[in-house]
Structure formats: C-alpha cells, structure tokens
C-alpha cells in the first residue's frame, strides 16, 4: 500500500505572485464595508408605536428585514376568560384603537348568535353607521399619515383636522371619542341624540370634500407618485397566502370584501355601494383604494341616515347574561382588514376561550418578503401603506 | 461706512462693528424666517392651532417659548461620541452661514467686504457647512446620524454643481463677479430701451433663477430634498443626538442659510437693494438706510417661495434626488450657459 508523500511546505522564496494575489484579496476585504444592522423601532416615528424592524443593510439597500412584535402584548385573549361578556367590549375596544367601534361589532354579533338574540333593525342600522364612521376616521388618518411618511407634513394636519369632525360625531352619539364601548348584546346603549343626523350630513359633505383635497394634494403629486408607484408590490396569490386582508388585498386586485362576500351581521345588503379594487398592488394602489373606500363609506353613511328605520334599539335580553354552551366564529370587514372572533362558551357569564384574529398581525407577516431589496426610504413608505396598528398586531 | 458720521474711527473698530453686525444678522434672520414662515405661514397653510395660541395676539410668544425651551434643555452627549468633534460640528455649520453674509450688499456702502470675486466666494463658503454635517453625523456614534450625514454629503456635492452653473449665466451677462457690480448692472440696465424697471436679471436668466432656487432648496436640505434629515425615516438624520443649545445652533444655521440664499437670489436675479427710477448716487446716506429695507422685502419674497415649496411637497428618494441633479438640472444649466454665451456674443 503506497501513500502519497506529504506535500512540502512552501519556502520563503515562493512565487511572489501568490503574495501579490493575497495582497489584492486583503485589499478587497478592507474595501468591503460589510452589512450594517439597523434597528428601526421600537421607538421610531414610522412604526406607529412599538414595532421593531431589524433591517440588514448594504448601503441603503435592505438585504433582510425581520419584524419583531410583542412589545405591546397585553394578553387580551387570556383576559377575556376572566371577564363577563358585557365587560369584554371594554377590552376589545383597545385592540385597534383607531376604529374601536368596529372591533365591538363581530364580538357582540357572535354572542348574539350563541344566545339566539336578534338586535332590532334600528340598532343594526346605527351600528352600521357608526362602523362606517370609524372606518372614515381611521382612513382619514391614514390618508394624512401616508403623506407624512413620504415627507409632506401638510396632509397629516388635514387628516387629523378632518378626522376630528368624525370623532365629534362618534362622541356625540356614544360618549367616547376613542373607546365608545357602545354595543350591548341585543342592541346598542342609547338612541341617537337630537340633531345628530343633520350634523352627520354636514360632516359627510366635509369628508367628501376632504377626499377631493387628498386626491389633489397627494395622489396628484408627481413626487408622491414617484415614491409609491411600483414600490412594495404584493402579488394577489402571495398576499392571500400570507393572510393579508382588507384594503391591502383589494389593492392587489382581489375583489373580496367581507361586507359583501361574508356575513357581516349588519344590513350592508340593503345599501347601494361598490367594492373598489386596484390591479397594481403597490403602495400607491393601497393609498388609492383607501381613498375610494373613504368616499364610499361617506356615501354609505348618508344612505344609512336617510333610511334609518324607527323602532326600539334593544331586544329583550335577560338581566344577567349567560351565553349557552357552544362555539361560534364571526369575522367582519374592519377598517384594517378581516377581524374575527372564535368564541367558545361553556354556559357561564363569561367565555371559556376567545381567539382573536386581528388584521394587522397577518398584514405585517408579509413584511420580510416585501422589504427584501428595497431602499430604506421605501421601507417607511411600505410600512405606512400597509397601515397597521400596534394594538392590532400584539393584542 | 462710518466716515459719513465725520468720525475717524480706525479700521480695527470698523472691523469690530462689522463683525458684530454680521454676528447679529444670522440669528436675527433665522428668527425672522422662523417666526414668519415656520410658525405663522405654516400654521395658516396646515391649519395648525398650537403656534397661533401662546401669548394672545397671533401666538407671538411661541418663538420666545421655543427659545427658552432650547436653552433650558439638558446638554446630552452620547457616551461613545467623539466629544470634541461633536461639540465643534454645530459651530462649523453656523460659521459657513456667517461667511456668506460677508459679501451680500445691502446698500451703496452697507457691505462688509466688497470682494471682486463675491459670487464665487459666497458659493464656496456656503458649501463649507457639509463638513460640519459630516462631523456631526460621524461624531454622534449613531447609525441614523451616519446615514443622514452621508446622504447630506452626496446631496450637497450633487447640487453644488447646478447652483454654481446657474449663477454662471449671470456672471457672463454682467461681466463681473462683484455683487455690487451685479446690482449696479441690474439697476442701470434697460429692457428694449425701457429703463423704468431697471434690468432685473430674472428677465433673461429665468432658467438660472429656477435652477438656483431648486439647488438652494437642496443645499438647505428642505423638502422635497430633505433626505438627510428625513424625520419620518432617519428621525432627524445627523442632528438626532443633538439637544438644547447645540440643536439650536443647527436650527439657526438652517434658517440663517435660508436667509443668506434668499439674499443671494435677490441680489443676483431681482436687482438687490437698488430701486429703479432713482439713482442712489444722489443721496448715499438715504440709500444706506432704504437699501437694506428694499433688500429685506425681496429676501422675504424669495424665502416665501422656498418655504411654500417646503410645506407643499413630499420628499424624493435618494436615488431620485441624484437623478434629478445629474440628469436634468446640470444639463439644463449647461444649455443655459451656452445660450447666454451665444446671445452675449451675438448682441
């Protein structure tokens, strides 16, 4: 058996080209700057709260982005197990705090389904009107906020100003600007106050006007278009695969709205309205779709206050609410996307288990895919256009 | 300028007084612009309520309150900061602003240094501020600050060229680099034999004026060119670690430079301190008093245009910003120079 002799170690007078080559590679290593890891958040103005994005950068280009959530986890799913049904609406108001009223609706609808109670039509119509009002309030903030993240400060102030009119309406009818806590199992707490209908009509005119302003000021701005067109494109199948829902998915061309296609537990089928979609799926499309939906919601509110039926606002409900044993899954179209509650009842005054499906959690789950290869400024545009609320991610 | 008082006060005293005036002028200009545009005009444009409230009448107290706030803030320096460079950077930024004011004439004799290469000097010292910005970004030991500072450096280099090239047309037409000479040219000129308006160079150099305004906006890092400070992504860029008085220095530098660039634009394109119809040689003392007011009015007009754009437009991305400078502004500026040269020779 023969073995190859061990190779001799090179001596000092080896070919100098080797050393030249080594010197070259050394130079390349020295000139290579390596990647930089940038923490965007948890305290960063573009993350609407405490989302943390760990971004690996090559210059200004993102190689990898990793969203880290949970800084605002408040354990609402667990807390609901220790509350009675009427108490839980206080908690779920705070999941998506910009459209709190819309959060209450699916939960109350689920409890009503389990108990076999049906709210009277007047209550349902007022619920629908308030849901659409909270949608308008949320989207007006988005329309301004997106401008701010792209660098224009003015739309943000317009957005906040016009949202205030809508919040005043919600406050007038429910008593709360942010957390109305207005739904009751079997109806709503109070009837509408005097003069509310006239105020709403006036306010909706303002909202429609404000939408025109945003169309002129932001959508029609060439720099805004340059910053958002073909940035952050979500393909329809991929978006649906990640569970992206709501306006984000409709901006990718998917004609799917739970208000029309699901069971919204609200009288949307009696209104004349339209689902808006945009084929592009980029940041611009998401802005455009939300702008159109704000208009559509304002028109819906006008129809709702015109056709408001008379009658009671509460069904007959027992004094102590006990929900019969059973399970129910209710999902509705919230301003941020699909929101659902899976309620398991064992016949007590409170639920046995509640699973909350919040829209933003699924919407940001696409971020690692979406942010690969974009520039740092586009990270901010994409975050703004996805429009998430931290409370809605972490619950 | 002081021999009009029939006093012989030696050059040292004169120099001291001139220095004091320039030193007072920069913060004063910054305050005026900050008050008029940042607080009042922005409040009206954006329906802001806050700055219109303090102190009763039209929120006059807001600026005072802001100043007091900055003065009493704690002076924080990051632990890993390069302490000396960190402390020096705001001073370097403000220094470049002071230096620009030296050559801007505000009257027949109201000018600190009447340099023969005034235009060249003003544009050269105005770009010194990038050194301060780079120092601030590097010394802060903060990734956002470094990103902001590097963006600022790239941007200022890219926009320095159109700024200079835009002014070359003026220099070709007036055949002088002396700012007083340029003012005199505009005052004494005629448009097709009609001398009533003088000859403000914006009439022929309107392309140059537009380029100058765009490039100045980028030099000032104001929207739509505020990538280096981009508060929604880089938080505040190179200024992110600065607090209190040091931050106030950056603030004064920003608005003082805006004042200086507006002054340059007014002098180069709008006729400077002179008013047509009247010959300042008749009563030089009167024009030493009226001239600054005329210039101030024009400066405020130019600054209004700058801040109008600032409050209206979103921000460009860094690569789009560079593309705008290299693919559009510089070629247009070169064509403008060519056209000016050809017309100069032809007529």
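Yes/no matrix, rows are residues, columns are (1) touching a helix residue (DSSP H, G or I) at 6+ places or on another chain (Cβ under 7 Å); (2) within 14 Å of chain B (Cβ to nearest Cβ); (3) closer than 30 Å to residue A:84 by Cα; (4) not in a helix (DSSP H, G or I):
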| position | (1), (2), (3), (4) |
| --- | --- |
| A:98 | yes, no, yes, yes |
| A:107 | yes, no, yes, no |
| A:110 | no, no, yes, no |
| A:114 | no, no, yes, no |
| A:119 | yes, no, yes, yes |
| A:139 | yes, no, no, no |
| A:161 | no, yes, no, no |
| A:166 | yes, no, no, no |
| A:177 | yes, no, yes, yes |
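Look at residue A:338 and say whether it is touching a helix residue (DSSP H, G or I) at 6+ places or on another chain (Cβ under 9 Å) and touching a residue at least 60 places away in the same chain (Cβ under 8 Å). Talk me through it step by step, then tell me what you get.
Values: touching a helix residue (DSSP H, G or I) at 6+ places or on another chain (Cβ under 9 Å): yes; touching a residue at least 60 places away in the same chain (Cβ under 8 Å): yes.
Judged against the criteria, residue A:338 is a match.
Here is a check on your reading of the model: is residue B:282 modelled with pLDDT under 80, in a helix (DSSP H, G or I) and more than 14 Å from chain A (Cβ to nearest Cβ)? Criteria not met by residue B:282. Residues that are surrounded by 13 or more Cβ atoms within 10 Å (Cβ to Cβ), in contact (Cβ under 8 Å) with a residue 40 or more places away in the chain and within 14 Å of chain A (Cβ to nearest Cβ) number at least 3 in the following helices (runs of 4 or more DSSP H) confined to region B:28-104: B:42-46. Screening A:123, A:65 for residues that are away from chain B (no Cβ under 14 Å) and in contact with a strand residue (DSSP E or B) (Cβ under 7 Å, 6 or more places away or on another chain) leaves exactly one candidate, A:123. The single condition among (1) away from chain A (no Cβ under 14 Å); (2) closer than 30 Å to residue B:327 by Cα; (3) surrounded by fewer than 22 Cβ atoms within 10 Å (Cβ to Cβ) that residue B:122 does not meet is (3). Residues that are crowded, with 20+ Cβ neighbours inside 10 Å and under 25 Å from residue A:339 (Cβ atoms) were ranked within region A:215-241; the one that is farthest from the other protein chains (Cβ to nearest Cβ) is A:239. Within this structure, residue B:164 passes the test of being surrounded by fewer than 24 Cβ atoms within 10 Å (Cβ to Cβ), out of contact with any strand residue (DSSP E or B) (no Cβ under 8 Å at 6 or more places or on another chain) and in a helix (DSSP H, G or I). Considering region A:296-311, the residues that are in contact with a helix residue (DSSP H, G or I) (Cβ under 7 Å, 6 or more places away or on another chain) and in a loop (DSSP other than H, G, I, E, B) include one that is farthest from residue A:199 (Cα to Cα), namely A:311. A residue that is on the phi > 0 side of the Ramachandran plot and at pLDDT below 85 can be found somewhere in region B:240-256. Return the residues of region B:125-161 that are closer than 19 Å to residue B:242 by Cβ, more than 14 Å from chain A (Cβ to nearest Cβ) and assigned to a loop (DSSP other than H, G, I, E, B); say none if nothing qualifies. Passing the criteria: B:128, B:140. Scanning region A:35-53 for residues that are more than 8 Å from chain B (Cβ to nearest Cβ), surrounded by 15 or more Cβ atoms within 10 Å (Cβ to Cβ) and out of contact with any strand residue (DSSP E or B) (no Cβ under 6 Å at 6 or more places or on another chain) gives A:47, A:48, A:49, A:50, A:51. Region A:185-268 holds helices (runs of 4 or more DSSP H) entirely within its bounds, and those carrying 3 or more residues that are touching a residue at least 60 places away in the same chain (Cβ under 8 Å) and under 22 Å from residue A:290 (Cβ atoms) map to A:196-214, A:222-228, A:236-242, A:247-250.
For region B:286-307, state whether one or more residues are under 25 Å from residue A:154 (Cβ atoms), modelled with pLDDT of 85 or more and within 14 Å of chain A (Cβ to nearest Cβ). So far as region B:286-307 goes, yes, one or more of its residues are under 25 Å from residue A:154 (Cβ atoms), modelled with pLDDT of 85 or more and within 14 Å of chain A (Cβ to nearest Cβ).
Would you say residue A:156 is within 30 Å of residue B:229 (Cα to Cα) and either surrounded by fewer than 20 Cβ atoms within 10 Å (Cβ to Cβ) or touching a helix residue (DSSP H, G or I) at 6+ places or on another chain (Cβ under 6 Å) (or both)? Give the steps one after another, and end with the answer.
On the way: within 30 Å of residue B:229 (Cα to Cα): yes; either surrounded by fewer than 20 Cβ atoms within 10 Å (Cβ to Cβ) or touching a helix residue (DSSP H, G or I) at 6+ places or on another chain (Cβ under 6 Å) (or both): yes.
The answer is yes for residue A:156.
The number of residues in region B:324-347 being loosely packed, with under 14 Cβ neighbours inside 10 Å and within 14 Å of chain A (Cβ to nearest Cβ) comes to 2.
Of the candidates B:218, B:266, B:262, B:236, the single residue that is at pLDDT 80 or above and within 14 Å of chain A (Cβ to nearest Cβ) is B:218.
The values are calculated or read from the model by the stated rules, or taken from the named source; none is laboratory data. Keep in mind that this is a model prediction, so the values were computed, not measured. Every residue, glycine as well, gets a Cβ built from its backbone with ideal geometry; the counts of neighbours run over all protein chains shown.
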